[in-house]
Every structure is written in structure tokens, then in C-alpha cells.
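> This is the structure I want to talk about, given as C-alpha cells.
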Amino acid sequence: MKKFVFLLTFLVLACNQTPKEVEVEEEETVVDTIDIAAEVEAINQLRAAFQQAIKEKRYADLAQYATADMKGVTPGSEDWLEYRRQREARLGKFSYDSIIMTPQETVIASDSIAYDYGTSKVYYTNDKGESVELQDTFLVILKKDKEDNQWKMHREVASAIVE
């Protein structure tokens, strides 16, 4: 009981002390110096170039739009799983015919991190020669490459639930 009274007394005294004045220096933050409109436009250009490369079947060029350690998660719905099965039958080769990405929100979080949220329609030709449309909702995290100062896709998570 003595320990409890001592602890309670200590806490009451500690809580009743007035905090010392803390001097806060206001500094210009990096976010204040970013030209948001220019960065969003650069991301729009990245997205357009990525879509164009797929449309033109320049799959080897796609790596330039992503970081070296890019990771992505595709939707797990039955239609997307069927696409993945057919892709694996083609020895895992990328095989979209085209993609139409419709961003709903692009946010510049800092001078080197941003995200792009929206929906997309992916088209591919199945093993029967039929054109198939897949839809998804995506969230892409982008990083600005320190060497070439270009935005690149770093992480992507997609869902077959289209919102």
C-alpha cells in the first residue's frame, strides 16, 4: 500500500508541473517548395508513356517506368486468375494488349514519394483469340528516382472490386 501511495503522489506531482517553454524554429518544409502541378503533370506523363508502351507492345521498355525493386499485387478474382494462368502458359511473358488507367486521385506526399489511385481496364487476347477486358481499382506508390529525377512505379496493389 505504501508503494501505491508513493506512486500516486509522484504521478500527481509530476502532472502538476508546468512544462518548460519550448522554442520551435519555423523552417521551410520541402513540401512548401514543391511545384505540385508540375509533379502531377510528370506523373500523368509517366502513366501515359506506360500505357503507350503497352499498346505498342514495347514490353521491354516497361522496366524504365518502375523502380528496380518494384512489387505489385494483382487482383485475385477468377477472371484475373484466368489471365495469370494463360500468361504462365506463355512462359510468364507480359501479354496485355492495352491498359486504360483512369486516375481519381494523385497525391504528392513529398519531393520523392507520391501515390496514384484510380481504376483501370486491361485488355488481353486469350488462348482462343478473343479479346478479354479486366477491370480493377489500383493504388500505385511512386518514387522519384534520384539519378534521373523521374517518377517511377514502386509498389502497386490492385483489387477486382471497382469503385
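The values are calculated or read from the model by the stated rules, or taken from the named source; none is laboratory data. Source: prediction; values computed, not measured. Ideal geometry is used to build each Cβ from the backbone, glycine not excepted, and the neighbour counts take in all protein chains shown. Surface accessibility is based on the protein's heavy atoms, side chains included, excluding ligands, DNA and RNA. Shrake-Rupley method; radii C 1.70, N 1.55, O 1.52, S 1.80 Å.
> With r defined as the distance between the Cβ atoms of Arg84 and Ile161 and R0 fixed at 22 Å, what FRET efficiency is calculated, to the nearest 0.05?
0.80
> Using a 1.4 angstrom probe on heavy atoms only, work out the carbon and sulfur share of the accessible area of the range 39-150 in %.
Here it works out to 51 percent.
> What is the calculated FRET efficiency for Val107 to Ala63, with r their C-beta to C-beta distance and R₀ = 25 Å, to the nearest 0.05?
Plugging the Cβ-Cβ distance into 1/(1 + (r/R0)^6) gives 0.50.
> Say the cut-off is 23 Å between C-alpha atoms; which of Lys71/Lys146; Lys71/Lys144; Lys71/Lys128; Lys128/Lys152; Lys121/Lys144 go over it?
Lys71/Lys128; Lys128/Lys152; Lys121/Lys144
> Okay, next question. Would you please give the residues with an amide H less than 5 Å from that of Ser98, counting only those at least 5 places away or on a separate chain, with H modeled from the backbone geometry?
Amide H neighbours of Ser98, under 5 Å, 5+ apart: Tyr123.
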